[in-house]
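Structure first, then comments.
The values are calculated or read from the model by the stated rules, or taken from the named source; none is laboratory data. Here the structure is a predicted model, which is why all the values come from computation and not from measurement. Glycine also receives a Cβ, built like all others from the backbone with ideal geometry; neighbour counts cover every protein chain displayed.
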């Protein structure tokens, strides 16, 4: 039986209202859930830091922007790091904090992840600064093998116009630029910072200790203000509250909380002459050897007040004030320029080494030997044995003659002379490696021994005068340098400087020195380094032959034609240069020399080991000028040469002014070598040369090719080199000068031909 149900309208309305309320609630819940998810997503993104922008560095956390500068000492430079961070961190910019996840990627990029220890946190957490400092220290230990990065205290901020981020800061090691991205500085706080080269690349932490700037030069300090000089930077300081009144002396300056809290004057001074110095100690006449207090600071007060590098100290010819504290030298104050009087020459041993095993000397006249603070007379012919005198803590002796006419000689056990005689005095010092022997004598007397050793006495008078002036100019420059400061010398007696006392003095060469006494070459008011060489090919060159960009101060060195008629042949391509260099009949000022034209046969097969060894030696000496490439085009090393096979082709890639080979390529079966600079070309091709034959037809065995003014031609047996000239080819040709003198030119005309825009001036300021 069926049933009939009647629908209640009230119930229908209730059900409809209920359904409506449920729909609204669901929508509300959905919106709320969406809002919560959006907030959580935003919070998560913020934590990850992928889109986070921070305008200032925090002392607590490390910013990504710091890393390019801090890691620029590694395989990648700063710009490369910026790109790498964007690449593997998926960053559109470097804004944001360094997180543990990003840190892991950085360490992987450096290949040090497995070697660095730290407490790992969730990948999205920011790395605290103290944690990064610990990690960075480990990275330095692993990768900073060249010790490029160092730690220094920052003592003074130099702000930009905005007053926030300093552009440069004064540290305990001088002024440093602040690298991009490093802006964690707050004025009047002291810091420990990382430095590379001339940049501050990161901040380690605030320093709670007092920081001291040691051995600064205080030019003036009074009335609450001080003017100081440090690392050649002139700095004005606020010293409010300090009553110091100081003028032109060396002080320690103390900072605390960004303010100067003390200036401590070092008043003890001694006066003397520098006899020798190295990185740890200095020898002063009358006071012996003293150690440094920190880095030796040198301040020049005459003319423009400035700080000088210690290499500017002049051995033997410089009287100075030395500031001393606790028997240590804090700095040197130069109140007048060095005088040019004596030169000190390190006499090398038979193998051109700096130390002698047991030198024995003698004299041809009476004299004295000073041993420590004692003197003893010596007789002519008496053997003076260093080993007998330098013992019992005595490490220095000096031999002096009673008159100017006598000479000092190297000798055998019996006192028989084994060398040419030396003017002046001889000093012998004992070192761990042996004995150093130094000859001190007046500059002009030194030239008596140089001119005949560098130029034949048979040359024309004006040619000899040019040699005297060039040699004097060269010597004066090296008098002002500290090349051999550790030995108390300026130069040695070899071709590394100027050959000295290898040929006997000669009346003609001595007269050339006397006729030009005091005369030097000057360029733009400064003494010029007057390079010279033996023989030209008809041209001279410039500094490009050494693969160097000529400096403005070297503008006097230029390549010129040395043809007798003043013409300049066309050597614009390889064929034309080959035609010129093969011509035996070229009329030049050097034509009389047998080395004006020469040939050499090259055998790379017979001398493969010698060639590879020569390349290796030059590569080790200066890799910039020797490029080794494997067959696949990748960069190689000297160790790869053995697998290259035999050379198949020799190609001149580039020449400098006058035609000297500046760049030479040697193509092997499985690689190639590119040589830069005339010396490398001469060395390597010289190692392959079986003989060298000059114009006179006589073969000569030579370790170097005579010059790099040459052309290489292949033959069935190997290669033949056609060349001209002898020496590096820069500056004055000695044979060319003689040819000019024969043609009637005087020494001033000759010198102004070889060296452009020069003046001949007298260093003694005397009218001749």
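Kindly evaluate residue 267 against the criterion of being touching a strand residue (DSSP E or B) at 6+ places or on another chain (Cβ under 8 Å), surrounded by fewer than 14 Cβ atoms within 10 Å (Cβ to Cβ) and assigned to a strand (DSSP E or B).
On the way: touching a strand residue (DSSP E or B) at 6+ places or on another chain (Cβ under 8 Å): yes; surrounded by fewer than 14 Cβ atoms within 10 Å (Cβ to Cβ): yes; assigned to a strand (DSSP E or B): no.
Spelling it out, it is not the case that residue 267 is touching a strand residue (DSSP E or B) at 6+ places or on another chain (Cβ under 8 Å), surrounded by fewer than 14 Cβ atoms within 10 Å (Cβ to Cβ) and assigned to a strand (DSSP E or B).
Conditions (1) assigned to a strand (DSSP E or B); (2) farther than 15 Å from residue 422 by Cβ; (3) over 38 Å from the mean Cα position of the chain (by Cα), marked per residue:
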| site | (1), (2), (3) |
| --- | --- |
| 344 | yes, no, no |
| 350 | no, yes, no |
| 353 | no, yes, no |
| 362 | yes, no, yes |
| 365 | no, no, yes |
| 388 | no, yes, yes |
| 399 | yes, no, no |
| 403 | no, no, yes |
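Table: residues versus (1) part of a strand (DSSP E or B); (2) assigned by TED's automatic domain parsing to the domain that holds residue 259; (3) crowded, with 20+ Cβ neighbours inside 10 Å; (4) modelled with pLDDT of 85 or more.
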residue	(1), (2), (3), (4)
137	no, no, no, yes
164	no, no, no, no
169	yes, no, yes, no
175	yes, no, no, no
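Remark: pairs (first residue in the stretch 277-301, within 25 Å of residue 247 (Cα to Cα); second residue assigned to a loop (DSSP other than H, G, I, E, B); Cβ separation under 8 Å; 6+ apart in sequence or on different chains) = 292/280; 293/326; 298/309; 298/313; 299/305; 301/335. Condition test on residue 486, is it touching a residue at least 40 places away in the same chain (Cβ under 8 Å), in a helix (DSSP H, G or I), more than 18 Å from residue 522 (Cβ to Cβ) and under 21 Å from the mean Cα position of the chain (by Cα)? For residue 486, the condition - touching a residue at least 40 places away in the same chain (Cβ under 8 Å), in a helix (DSSP H, G or I), more than 18 Å from residue 522 (Cβ to Cβ) and under 21 Å from the mean Cα position of the chain (by Cα) - is met.
Of all the residues in the stretch 613-660, those that are surrounded by 12 or more Cβ atoms within 10 Å (Cβ to Cβ) and not in a loop (DSSP other than H, G, I, E, B) number 28. Look at (1) within 12 Å of residue 677 (Cα to Cα); (2) part of a loop (DSSP other than H, G, I, E, B) and you find that residue 663 fails only one, number (2).
One residue stands out among those in the stretch 327-347 that are modelled with pLDDT of 90 or more and more than 26 Å from residue 294 (Cβ to Cβ): the one that is surrounded by the fewest Cβ atoms within 10 Å (Cβ to Cβ), which is 342.
For the stretch 126-135, the set of residues classified as assigned to a helix (DSSP H, G or I) and at pLDDT below 90 consists of 129, 130, 131, 132, 133, 134, listed by residue number. Just one of the listed residues (323, 369) is over 30 Å from residue 230 (Cβ atoms), in contact with a strand residue (DSSP E or B) (Cβ under 9 Å, 6 or more places away or on another chain) and in a strand (DSSP E or B), namely 369. Can you spot a residue in the stretch 516-530 that is in a helix (DSSP H, G or I) and in contact with a strand residue (DSSP E or B) (Cβ under 8 Å, 6 or more places away or on another chain)? No; the residues of the stretch 516-530 include none that is in a helix (DSSP H, G or I) and in contact with a strand residue (DSSP E or B) (Cβ under 8 Å, 6 or more places away or on another chain).
Check whether at least one residue in the stretch 309-320 is at pLDDT 90 or above, touching a strand residue (DSSP E or B) at 6+ places or on another chain (Cβ under 6 Å) and surrounded by fewer than 20 Cβ atoms within 10 Å (Cβ to Cβ), and report yes or no. Checked the stretch 309-320: no residue is at pLDDT 90 or above, touching a strand residue (DSSP E or B) at 6+ places or on another chain (Cβ under 6 Å) and surrounded by fewer than 20 Cβ atoms within 10 Å (Cβ to Cβ).
For the stretch 405-444, a tally of residues being without any contact (Cβ under 8 Å) to a residue 40 or more places away in the chain and crowded, with 16+ Cβ neighbours inside 10 Å returns 2. Name the residue, out of 509, 458, that is modelled with pLDDT of 95 or more and either in a helix (DSSP H, G or I) or under 19 Å from residue 344 (Cα atoms) (or both). One residue alone meets the criteria, 509. Between 684, 712, the distinction of being in contact with a helix residue (DSSP H, G or I) (Cβ under 9 Å, 6 or more places away or on another chain), assigned by TED's automatic domain parsing to the domain that holds residue 630 and part of a helix (DSSP H, G or I) belongs to 684 only.
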